[in-house]
Amino acid sequence: MSIKTNIEEVRRNIAAAAEKSGRKPEDITLVAVTKLHEADEMNEAIDAGATDIGENKVQEVLRKYDDVKPVRWHLIGHLQTNKVRQIIDKVCLIHSVDSFHLAKEIEKRAAQHDMICKILIQVNTAHEDSKFGVEETEVDGLIKEITENCPHIQICGLMCIAPYEADPEDCRPVFRKAKAIYDRYDAGEHNDRIDFRYLSMGMTNDYEVAIEEGSNMVRVGTAIFGRRDYRSEEK
Ligand SMILES: *Cc1c(COP(=O)(O)O)cnc(C)c1O
């Protein structure tokens, strides 16, 4: 199976899930997750129509940035404050903001570049200890702190990661909780500090269920590029 065929299949599945939930296929953004894949594979995906790509590590963005055709880069993994400086002007959306400490650093670097940085708040509705993200009860407080103190940040929505489930149906409650928070803000103010537009949830195992539960941005790697070789991560 080629990357192109895989993307076409994922797009068909996205379209079916979107229609099931009363939306249009184009309402869902596909972020092709390219971690541990090389620039040539990424360019193949871009040639096949991928417009958005996601990396979970700053080093991966920097390593491949110059070899990849023009595309929108998303930072989807945990971001350390000391690395913000390196990617602030390279990514269109940071999905993984889960502390005011991190937001303050983004604010500082965005101000230096005289830019507005778009972010999502990562919410941990799965209540998994191993996962990053803020608890549901902390979301409002964090959003308030950021909107009041960070004029160079625009909060554009939420991101959530469901734990791997053998049956993706079991992910529904996790997605549903994130959607409920998202809806509250989507119904609220939209301005240059806060403009809820993206609910980033769904990966290879569960993106169709996530879309049915209201996701409008899915982050899909394995279904497009095949299984990742984690041994190469050491290099
Ligand atoms: C790796 C990763 C994905 C994609 O996972 P697949 O199962 O390969 O689709 C999505 N989101 C995040 C945050 C990731 O780190």
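Quick notes
- Most to least packed among 202-213, 169-180 [average Cβ atoms within 10 Å]: 202-213, 169-180
- Couplings 3J(HN,Hα) for region 11-18, derived from phi with the Karplus relation 6.51 cos²θ - 1.76 cosθ + 1.60 (θ = phi - 60°), are 4, 5, 5, 4, 4, 5, 5, 5 Hz, where x marks Gly and Pro.
- For the chain, the solvent-accessible area works out to 47 Å² per residue, with a probe of 1.4 Å and every protein chain left in place.
- Here the chain has 47 percent of its accessible surface on carbon and sulfur atoms, given a 1.4 Å probe and all protein chains in place.
- Against the rule of thumb 2.2 N^0.38 Å, how large the Cα Rg of region 3-225 comes out: 0.96
- 3J(HN,Hα) along region 173-186, derived from phi through the Karplus expression 6.51 cos²θ - 1.76 cosθ + 1.60 where θ = phi - 60°, amounts to x, 5, 5, 4, 5, 5, 4, 5, 5, 4, 4, 4, 6, 4 Hz, with x in place of Gly and Pro.
- The Cβ shell under 13 Å around Ile181 holds other residues with a net charge of -3, Lys and Arg each +1, Asp and Glu each -1.
- Those trypsin sites (Lys or Arg not before Pro) in region 71-103 that DSSP places in a loop and that have at most 13 other beta carbons within 10 Å: Lys90
- Alpha carbon centroid spacing (whole Å) that separates region 146-191 from region 1-42: 20 Å
- Taking amide H as placed 1.01 Å from N in the peptide plane, Val33 has its amide H under 5 Å from the amide H of Gly54, Val220, Gly221, each at least 5 places away in sequence or on another chain.
- Peptides 98-105, 190-197 ordered by packing proxy, namely the average of other Cβ atoms within 10 Å per residue, highest first: 98-105, 190-197.
The values are calculated or read from the model by the stated rules, or taken from the named source; none is laboratory data. These figures come from a predicted structure and were not determined experimentally. Neighbour counts run over all protein chains shown; Cβ positions are idealised from the backbone, glycine included. To get the accessible areas, we keep the full protein, side chains included, count just its heavy atoms, and leave off ligands, DNA and RNA. Shrake-Rupley method; radii C 1.70, N 1.55, O 1.52, S 1.80 Å.
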